[in-house]
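Undergrad: My questions all concern the structure below.
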Amino acid sequence: MNLKQKQAMLEAIANRIINREVEIELAQSCLNPVPGEGNADAELMFIGEAPGAKEDKLGQPFMGASGKFLGEMLNSIELKREDVFITNIVKFRPPKNRDPSQAEIKASMPILFEQIAVIRPKLVIFLGRHSMNVFFPKLKISEAHGERIEGEVVLADGNKIIQNFLPLYHPAAALYNGSMRNTLLGDFAKIPHVLELIKQ
Ligand code: URA
């Protein structure tokens, strides 16, 4: 698939999300659906948990304090937001920022897999334990952060691919916690090297 085709397919997926064509209550109760945004050909795809108040207002992912921090960390490895693709497991804000339920996560997965299948990123980066645990329920973020994982993913079309993943602490959790912040910065700095290893 060339870039134009990928962009068109991602836009079609985003339109289904914007039209609230996902079978969960949240899709109706939120202000603005948040499909995700960025480079359709991205090597890095970042996956957070669910939109918060600011994201709900703007219809874009990671726009608040944690998004600002994410942008700074991307800059620190010579990347801009537009170079990567940023999205969430759940595309609609849960009321009062509660954690999404298992049913809401389950209903959200097919469309996330469609996004992965179009972008085919070299590395999927989990922002926080919640998104990591959707893919790897048994892992603990305190042990898994900063370590590359190879896993099998069954895509929406039934094809299986080997996908590389990297769990990181959530920027919101690390923002005001000195030691977690340093750990996250250290893990983030490893991304270019991890990417090089994958490409070899
Ligand atoms: N936290 C998330 O997990 N996702 C966002 O989009 C914003 C904050």
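The values are calculated or read from the model by the stated rules, or taken from the named source; none is laboratory data. Predicted model only: the values in this text are computed from it and were never measured. Cβ placement follows ideal geometry from the backbone for every residue including glycine, while neighbour counts extend to all protein chains displayed. With ligands, DNA and RNA removed, areas are computed over all heavy atoms of the protein, side chains included. Shrake-Rupley method; radii C 1.70, N 1.55, O 1.52, S 1.80 Å.
Undergrad: Could you say whether any residue in segment 59-68 is buried (at least 19 other Cβ atoms within 10 Å of the Cβ), in contact with a Leu (Cβ under 7 Å, 6 or more places away or on another chain) and modelled with pLDDT of 95 or more?
TA: Scanning segment 59-68, I find at least one residue that is buried (at least 19 other Cβ atoms within 10 Å of the Cβ), in contact with a Leu (Cβ under 7 Å, 6 or more places away or on another chain) and modelled with pLDDT of 95 or more, so the answer is yes.
Undergrad: Going by the conditions given, is E49 within 23 Å of R16 (Cα to Cα), surrounded by 20 or more Cβ atoms within 10 Å (Cβ to Cβ), free of Cβ contacts under 8 Å to residues at least 40 places away in the same chain and near the ligand (Cβ under 9 Å from one of its atoms)?
TA: No.
Undergrad: For segment 69-89, enumerate the residues that are within 15 Å of I119 (Cα to Cα) and buried (at least 21 other Cβ atoms within 10 Å of the Cβ).
TA: Hits for segment 69-89 are V84, F85, I86, T87, N88.
Undergrad: Could you check how many residues of segment 143-197 are over 18 Å from S76 (Cα atoms), among the hydrophobic types (A, V, I, L, M, F, W, C) and at pLDDT below 95?
TA: Summing the residues that are over 18 Å from S76 (Cα atoms), among the hydrophobic types (A, V, I, L, M, F, W, C) and at pLDDT below 95 in segment 143-197 gives 7.
Undergrad: Suppose we filter segment 170-197 for residues that are over 15 Å from G71 (Cα atoms), touching a Lys or Arg at 6+ places or on another chain (Cβ under 8 Å) and surrounded by 15 or more Cβ atoms within 10 Å (Cβ to Cβ); how many remain?
TA: Adding up the residues that qualify gives 2.
Undergrad: Just need a number here: residues in segment 28-46 that are of a type in the set (G, A, S), over 16 Å from S108 (Cβ atoms) and open to solvent by 10 Å² or more (accessible area, probe 1.4 Å).
TA: Result for segment 28-46: 1.
Undergrad: So, K91, is that one on the phi < 0 side of the Ramachandran plot, in a helix (DSSP H, G or I) and at pLDDT 95 or above or not?
TA: Numbers: on the phi < 0 side of the Ramachandran plot: yes; in a helix (DSSP H, G or I): no; at pLDDT 95 or above: yes.
Criteria not met by K91.
Undergrad: Give the number of residues within segment 147-169 that are surrounded by 12 or more Cβ atoms within 10 Å (Cβ to Cβ) and not aliphatic (A, V, I, L, M).
TA: Total meeting the criteria: 8.
Undergrad: Separate question: So which residues in segment 61-74 are in contact with an Asp or Glu (Cβ under 9 Å, 6 or more places away or on another chain) and either at positive phi or near the ligand (Cβ under 8 Å from one of its atoms) (or both)?
TA: Answer for segment 61-74, where residues must be in contact with an Asp or Glu (Cβ under 9 Å, 6 or more places away or on another chain) and either at positive phi or near the ligand (Cβ under 8 Å from one of its atoms) (or both): P61, F62, M63, G64, G67.
Undergrad: So which pairs qualify, if the first residue must be in segment 117-130 and at positive phi and open to solvent by less than 10 Å² (accessible area, probe 1.4 Å), the second must be outside any helix (DSSP H, G or I) and not aliphatic (A, V, I, L, M), the Cβ gap must be under 9 Å, and the two must be at least 6 apart or on different chains?
TA: Close Cβ pairs satisfying both conditions: G128/G48; G128/E49; G128/P167; G128/Y169; G128/H170.
Undergrad: Something else now. Find the helices (runs of 4 or more DSSP H) located wholly in segment 101-200 whose residues include 1 or more that are within 14 Å of the chain's Cα centre (by Cα), and list them.
TA: 102-119, 129-135, 171-174
Undergrad: Kindly evaluate K96 against the criterion of being over 13 Å from the mean Cα position of the chain (by Cα), away from the ligand (no atom under 11 Å from the Cβ) and on the phi > 0 side of the Ramachandran plot.
TA: yes
Undergrad: Within segment 11-46, track down each residue that is of a type in the set (V, I, T), more than 10 Å from the ligand (Cβ to nearest atom) and modelled with pLDDT of 95 or more.
TA: I13, I17, I18
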